[in-house]
Amino acid sequence: MKLIKYSALAVALAGSLNVSAETMAIINATVHTATEQGVLKNSTVLIEDGKIKAISNLQLDADKIVDAKGRILTPGLIGSMNQLGLVEVGAVSASRDGNEKKGGITFDPSIAFNPKTTLIPYARKGGITRDVIAPGWGDGPFVGLSSTVDLSGEFGSVVDAQNAAIVNLGSSSKGSRATGLQKFIDKLDKQHKKISKPKKDDKKAKKDAKEPSKEEKILNALLKGEKPVIIRVSRAQDMLELLKVKEKYSLDMVFSGAKDAVVIKSELAKANVPVIISAMANLPGNFDSLNTSLSSAAELEKAGVKVALTISGDSSHNLYQLRYDAGNAVSYGMTSEGALKAVTANVADIFNIDAGRIAVGQAADLVLWSADPFEISTKVDSIWINGKEVSTQSRHDKLRDRYMANSDMPHAYTH
Amino acid sequence: MQRFLPSAIVLAMVGAISGCNNSEPQGEKITINKNPYPSTYAAMPRTNVLIQNATVLTGTGERLDDADVLIVDGKIASVGTDLSANGAKVIDAKGKWVTPGIIDVHSHLGAYPNPGVESHQDGNEMTSPNTAYVWVEHSIWPQDPGFNTARAGGITSLQILPGSANLFGGRGVTLKNVPSQTMQGMKFPEAPYGLKMACGENPKRVYGSRKISPSTRMGNMAGYRSAWVEATEYKRAWDKYNADYAAGKAVDAPERDIKLDTLRGVLDGEIMIHNHCYKAEEMAMMIDLSKEFNYHAGTFHHGIEAYKIADLLAENGSCAALWPDWWGFKMEAYDMVQENVAIVDAVKNSCAVVHSDSGTTIQRLNQEAAKVMYRANENGFDISEQHAISWITSNAAKSLGIDDKTGSLESGKQGDVVIWNQNPFSVYAKAEKVFIDGAKVYDRNDKKYQAKSDFMLGQP
């Protein structure tokens, strides 16, 4: 084995043959771990079977060697709360699979996830390796379940289905916001009562022990804290009300959108409730979001709130921009390390993803950058998902090349 | 009734003859006031300003290192090294960059303001496919907080356009980005009006769903053509009236129509077309349409497929105002390339512009331009900062017809200037000081120069 290893290494170094590598080492990297380890200079990251096997300041032996030449290696970025693979063209209704009006708590769009969408290779241009897809709207308050997907573009890339329940609350153009909140609380209340009833005689218990419904299973998982509940909400008072619910039932609660989260940052930190926000959302879109600013991410970080960044607006097609949002967050006071975590480790923590950090045992989702990952002048030099190198070339590049090519023939002949 | 008819005809005939009677005295000349809502803009308090030791991008393709910019009486006096001026406020900008004020040619601030409540949906008069009679300036809420956040991003001038639901959406207006309690107080003096037109999916969707024309792209084209036919007749009638009156004839003025006033303004070359149009084949037809009716096709906005017809756009002298990377929200936005602006720009006599169409990205047009520059440079282009800045300054000014007034740091131009904390093509760049007509309108480090809208005042 040793002998083969060395020869494979030689071949890899010669760069002439594509060896089916068992192990790969990225050497001479400036490793931004997104862990307590911080930044490790001149380090080697060893990958085996799609996972990070070792991180060392020694040059480790491997079937394939990639020399980072000092460049920055980060965990792959993780998007969230969008509809990647659930929409091809926004205004083409037949290409949209992410929302269901009457979907309710059990709606799981991930079984419709399309790994072959053109949005995926495009998102990889921004170093995105994993994503949490989520229903956007529905009658609510429960609108369905989110799932983690990888951006390999291969069939079977839904990694973790139904990993969180999505709830939409807050301002309502019809009726009162109180109704949504009340429905949310009632649903949890009812299920909580059901599962905490004292056991009665055997016959009755047997009768009760019938298979719980899909909805009950999800509610049970929420009540046991096994599944997070992601709540789209922006007004500070609404969030405070929800913190009471969290405390009552020990929910794993996360706020998304959370425009006015800065107003209650210390309460959020104390309650250990993370937020998923856009770093660019500084306009008062409604009366729930009068306090959001470009410094919100920084202020929340400083207060000790776990912050994950996501793209606002068309977050599926524009997902690749996530690194620029992180850069702007830094520009307005977030630490560079915190901003990196906000697009990697913190997202992983919220959705229980085994990636987002350069640490032993994590999925080998890695990005080698030409320079500072957040800078506009920087590009992705190499990107790996589960240890496998993937391309950043997309349909967009084909179109560019076609129309930049010199030919006497119509462009249609260039492909 | 019958017996009255012949006499009515006689009367009509008499009237027709008397209309041509040269001996009849002329009535008062009917003229149309082309500026009934005039600008009341006046520069804010200002001193003369000397910015020293900066890296200066002039907007004309030049980069000057360690250079000075002198603003006197609100105008660019000179750009060079070792400038001095008595009594000018001196700003040491060592390590900082200076550019012309940033111009966004496509904004809906004030017409679709924040908060985005129902009462504020004033940007799209979706009641007829041709609403050339509306003027978006009549919708503008000057207290939109977005004007202030845009100013913090270096925006000194911007064109507000009506939305794209209609074939003819109405007149756009160019503003100086200063706080005011009236639209007139922001209105850019002597800037030409724009007329918003829209191709493609939006008009045919909005009206097709109501079972009225247009419901197809051919319906769109028929709608434009009918309107221009009508406008041509209207122009002919007024031109004839004016000529006849000048010739001393006693003639009656044509009946006034404010929709046709605007279209006629385009045919007279006074109003510039701003055409929401994504697709190559549609832009090509809009150019032919303009030739059919003898006006200029103006600027194509959004132009996702502009790169497919870059030669044609330059040949026609049309600017293309584009996003760096928005795509996929509609079928007509599917064929985006990140190098679109660069490909359009690479053709001789081109006019590539980066626009926002967004209250969010208008705050970072510098970064939007940077995305294009760097992605293009990774793919065979060699674009410099001093060139790329023109996409959001001088080319934008050209698109709006204000390039004789602003958009570059040339002597005599208005003192619209941004001092950046660093290279504006960095994600970490921030506008530090912004000047409009030589007056400091924003200072990142001095609250005294940070305007706040009435709406935000006293909010919890």
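Search the stretch B:209-225 for residues that are more than 15 Å from B:Ala165 (Cβ to Cβ) and pair each with any residue that is open to solvent by 20 Å² or more (accessible area, probe 1.4 Å) when their beta-carbon atoms are under 6 Å apart and the residues are at least 6 apart or on different chains.
Hits for this filter: B:Thr216/B:Lys204.
Quick test for you: out of A:Ser266, A:Ser295, pick the one residue that is out of contact with any helix residue (DSSP H, G or I) (no Cβ under 7 Å at 6 or more places or on another chain) and either without any contact (Cβ under 8 Å) to a residue 40 or more places away in the chain or hydroxyl-bearing (Ser, Thr, Tyr) (or both).
Matching residue, one of A:Ser266, A:Ser295: A:Ser295.
Looking for whichever is buried (at least 18 other Cβ atoms within 10 Å of the Cβ) and without any contact (Cβ under 8 Å) to a residue 24 or more places away in the chain here; the options are B:Asp403, B:Asp446. Which one fits?
Being buried (at least 18 other Cβ atoms within 10 Å of the Cβ) and without any contact (Cβ under 8 Å) to a residue 24 or more places away in the chain holds for just one of B:Asp403, B:Asp446, which is B:Asp403.
Which residues, counting only those in the stretch A:380-398, are open to solvent by 30 Å² or more (accessible area, probe 1.4 Å), over 20 Å from the mean Cα position of the chain (by Cα) and not polar (S, T, N, Q)?
A:Asp381, A:Arg395, A:Lys398 - these are the residues of the stretch A:380-398 that are open to solvent by 30 Å² or more (accessible area, probe 1.4 Å), over 20 Å from the mean Cα position of the chain (by Cα) and not polar (S, T, N, Q).
Hey, any hits in the stretch B:359-375 for a residue that's β-branched (Val, Ile, Thr), open to solvent by less than 10 Å² (accessible area, probe 1.4 Å) and within 17 Å of B:Lys398 (Cα to Cα)?
There is no residue in the stretch B:359-375 that is β-branched (Val, Ile, Thr), open to solvent by less than 10 Å² (accessible area, probe 1.4 Å) and within 17 Å of B:Lys398 (Cα to Cα).
Do any strands (runs of 3 or more DSSP E) lying entirely in the stretch B:62-116 carry at least 2 residues that are under 26 Å from B:Gly359 (Cβ atoms), and which ones are they?
It comes to B:97-100, B:102-107.
Of the residues A:Gly90, A:Gly70, only one is touching a Ser or Thr at 6+ places or on another chain (Cβ under 7 Å) and either under 16 Å from A:Thr129 (Cα atoms) or not β-branched (Val, Ile, Thr) (or both); which?
A:Gly70
Of everything in the stretch A:376-415, what is more than 10 Å from chain B (Cβ to nearest Cβ), assigned to a loop (DSSP other than H, G, I, E, B) and of a type in the set (Val, Ile, Thr)? Give them in sequence order.
A:Thr392, A:Thr414, listed by residue number.
What are the pairs, 6+ residues apart or on separate chains, where a residue within the stretch B:40-60 that is in contact (Cβ under 8 Å) with a residue 24 or more places away in the chain has its Cβ under 6 Å from a residue that is of a type in the set (Val, Ile, Thr) and in a loop (DSSP other than H, G, I, E, B)?
Taking only residues 6 or more apart or on different chains, the pairs are B:Gly59/B:Thr393.
Hey, which of the strands (runs of 3 or more DSSP E) in the stretch B:148-207, taking only ones fully inside, have at least 3 residues that are of a type in the set (Gly, Ala, Ser) and either buried (at least 24 other Cβ atoms within 10 Å of the Cβ) or touching a Pro at 6+ places or on another chain (Cβ under 6 Å) (or both)?
So the answer is B:168-176.
Which residue out of B:Lys235, B:Lys240, B:Lys211 is exposed (fewer than 15 other Cβ atoms within 10 Å of the Cβ) and either assigned to a helix (DSSP H, G or I) or of a type in the set (Ser, Thr, Tyr) (or both)?
B:Lys240
Is it true that some residue in the stretch A:358-374 is assigned to a helix (DSSP H, G or I), open to solvent by 10 Å² or more (accessible area, probe 1.4 Å) and within 14 Å of chain B (Cβ to nearest Cβ)?
no
Mind listing whichever residues of the stretch B:301-356 are assigned to a loop (DSSP other than H, G, I, E, B), within 13 Å of chain A (Cβ to nearest Cβ) and farther than 18 Å from A:His317 by Cβ?
B:Ala346, B:Val347
Do the conditions hold for B:Gln143, that is, is it of a type in the set (S, T, N, Q) and away from every other protein chain (no Cβ under 14 Å)?
no
The values are calculated or read from the model by the stated rules, or taken from the named source; none is laboratory data. Here the structure is a predicted model, which means the values were calculated and not measured. As a convention, Cβ positions derive from the backbone with ideal geometry for all residues, glycine included, and neighbour counts pool all protein chains shown. Keep in mind that these areas ignore ligands, DNA and RNA; they rest on the heavy atoms of the full protein, side chains included. Shrake-Rupley method; radii C 1.70, N 1.55, O 1.52, S 1.80 Å.
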